[in-house]
1. Whether any residue in the range 46-55 is of a type in the set (Gly, Ala, Ser) and either surrounded by 13 or more Cβ atoms within 10 Å (Cβ to Cβ) or in a helix (DSSP H, G or I) (or both) is what I want to check.
2. Only one residue in 155, 166, 182, 210 is under 30 Å from residue 97 (Cα atoms) and small (Gly, Ala, Ser). Which one?
3. For the range 66-118, name all the residues that are surrounded by fewer than 18 Cβ atoms within 10 Å (Cβ to Cβ), of a type in the set (A, V, I, L, M) and within 27 Å of the chain's Cα centre (by Cα).
4. Those residues that are in a helix (DSSP H, G or I), aliphatic (A, V, I, L, M) and out of contact with any Gly (no Cβ under 7 Å at 6 or more places or on another chain), I need them from the range 84-103; list them, please.
5. Yes or no: the range 223-241 includes at least one residue that is modelled with pLDDT of 90 or more and not hydrophobic (A, V, I, L, M, F, W, C).
6. Restricting the search to the range 113-148, which residues are of a type in the set (Ser, Thr, Tyr), part of a helix (DSSP H, G or I) and out of contact with any Phe, Trp or Tyr (no Cβ under 9 Å at 6 or more places or on another chain)?
7. Is it true that some residue in the range 153-163 is within 22 Å of residue 353 (Cβ to Cβ) and free of Cβ contacts under 8 Å to residues at least 24 places away in the same chain?
8. Only one residue in 84, 177, 103 is assigned by TED's automatic domain parsing to the domain that holds residue 267 and of a type outside the set (A, V, I, L, M, F, W, C), so which one is that?
Amino acid sequence: MNPMSIVYSLVAEAPHGGTPLAASLLVVGFGFLFGMRVARRARSLRRVGERVLILGGSALARRVVEEIERGPSLRHAVVGVVDGAENLRSVVEATRPDRIVVGLAERRGRLPLSRLVESRARGILVEDVAETYERLTGKLALEAVTPSSVIFSCAFTPSRLQRALARALSFLVSVVGLVVLAPVLGLIGLLIKLDSRGPVFFVQERVGLAGRPFSLIKFRSMHPTNRPKSEWEQDNRDRITRLGRWLRRFRFDELPQLVNVVRGEMNLVGPRPHPMTNLKLMILAARNVSEVSGDAIPYYELRCAVRPGITGWAQVRYGYANGLEEEVEKIRYDFYYLKHMSLWFDLRILFDTFKIVLTGRGAAGASQPGALSAVPAQQSLRGRNGGALPERLPTRSLL
């Protein structure tokens, strides 16, 4: 008996009967999940015992060493850190690395090209430290991004096919979701009116595609207030309603944004849209983030190159931000998504979001740096003049 026959027999015995189409969908669904698990296992086995040699002592190189030491011991092992390149050949002979990570703070005149080419010829992988950091953490090291790598690269610009696929998937899922969940949406609206005074929906002007504003719709989860007050998530926990705690925990307050998706203002997956009132603030913050030279990094506008999403890579890996420093940390995840966005990446994010919705984890603890990720937030982000960026600002909601 083939696998399809087995699945079909199970579907046929279900209370509501079954069809070959249902059986096929089950096979595809289970096959996709099984394939993802096998692929992850294969990647982990391929990296078991990988010996890493760090060339250079830059700040980013030190952070890579910390990430490797923090991670599973079987995947990577730092076999040496050499600051100079003069004795690289002897160090390679002594340590026999599988990968050399180049993290020189100053490369002009110090990069041992002949030694690195020789290592490549011997089968040793040579990787830039920024790529290693990106692969280990799932976020971009903004301070290591050069203007040329953004301006002349196609990595941060999705293709027309990618945009069309993302839009088609978002539209179809949202239409089906609104139809199927209509009773649930109505019930939640009724419970909100019974639980507390105020409107059912929370509507706020957010930054959309190409920087155009749109009205984002959410179920109201807080008591209305007329007092001027900080709107960072942890500063407003006293305003969250009894029902709102459950809505936020399982992300049900985001369901009305399916309407935004149908209207073409959002996609299912993408960077979370910031309030229009914070647009200038976030651009200024992104331009002041640099730990290496203090130079401006005016890349925040690239977030507006794609439609914002109901969920995103920063949401599943980090969660809520409770200050400008944490918001900038989330931007690192957003840029990782922009660089690597694909249909398969979107499906992975949707799968991770589905797990969060089922378990209810994420919303409660995500306000702490690294709550949804093995990577904690930066200890310090400093501007051009060396001053730390403020942790609290009187800005509008980033929830």
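The values are calculated or read from the model by the stated rules, or taken from the named source; none is laboratory data. None of the values given here were measured: they were computed from a predicted structure. Glycine gets a Cβ as well: all are built from the backbone with ideal geometry, and neighbour counts include every protein chain shown.
1. Quick first cut of the range 46-55, residues of a type in the set (Gly, Ala, Ser) only: 49.
From what is left, the residues that are either surrounded by 13 or more Cβ atoms within 10 Å (Cβ to Cβ) or in a helix (DSSP H, G or I) (or both) are none.
No, the conditions are met nowhere in the range 46-55.
2. Details: 166 fails: under 30 Å from residue 97 (Cα atoms); 182 fails: under 30 Å from residue 97 (Cα atoms); 210 fails: under 30 Å from residue 97 (Cα atoms).
Going through 155, 166, 182, 210 in turn, just one is under 30 Å from residue 97 (Cα atoms) and small (Gly, Ala, Ser): 155.
3. 74, 77, 78 - these are the residues of the range 66-118 that are surrounded by fewer than 18 Cβ atoms within 10 Å (Cβ to Cβ), of a type in the set (A, V, I, L, M) and within 27 Å of the chain's Cα centre (by Cα).
4. Initially, the range 84-103 is screened for residues in a helix (DSSP H, G or I), giving 88-95.
With the extra rule that they be aliphatic (A, V, I, L, M), the set shrinks to 88, 91-92, 94.
Across the range 84-103, the qualifying residues are 88, 92, 94.
5. For the range 223-241, residues modelled with pLDDT of 90 or more and not hydrophobic (A, V, I, L, M, F, W, C): present.
6. Step one: filter the range 113-148 for residues of a type in the set (Ser, Thr, Tyr), giving 114, 119, 132-133, 137, 146, 148.
Checking which are part of a helix (DSSP H, G or I) leaves us with 114, 119, 132-133, 137, 148.
Correct list: 114, 119, 132, 133, 148.
7. Here is the first cut: in the range 153-163, the residues within 22 Å of residue 353 (Cβ to Cβ) are 158, 162-163.
If we keep only those that are free of Cβ contacts under 8 Å to residues at least 24 places away in the same chain too, we end up with none.
Within the range 153-163 (the criterion being within 22 Å of residue 353 (Cβ to Cβ) and free of Cβ contacts under 8 Å to residues at least 24 places away in the same chain), the answer is no, since none of the residues qualifies.
8. Numbers: 84 fails: assigned by TED's automatic domain parsing to the domain that holds residue 267; 103 fails: assigned by TED's automatic domain parsing to the domain that holds residue 267.
Step by step, each of 84, 177, 103 is checked, and only 177 is assigned by TED's automatic domain parsing to the domain that holds residue 267 and of a type outside the set (A, V, I, L, M, F, W, C).
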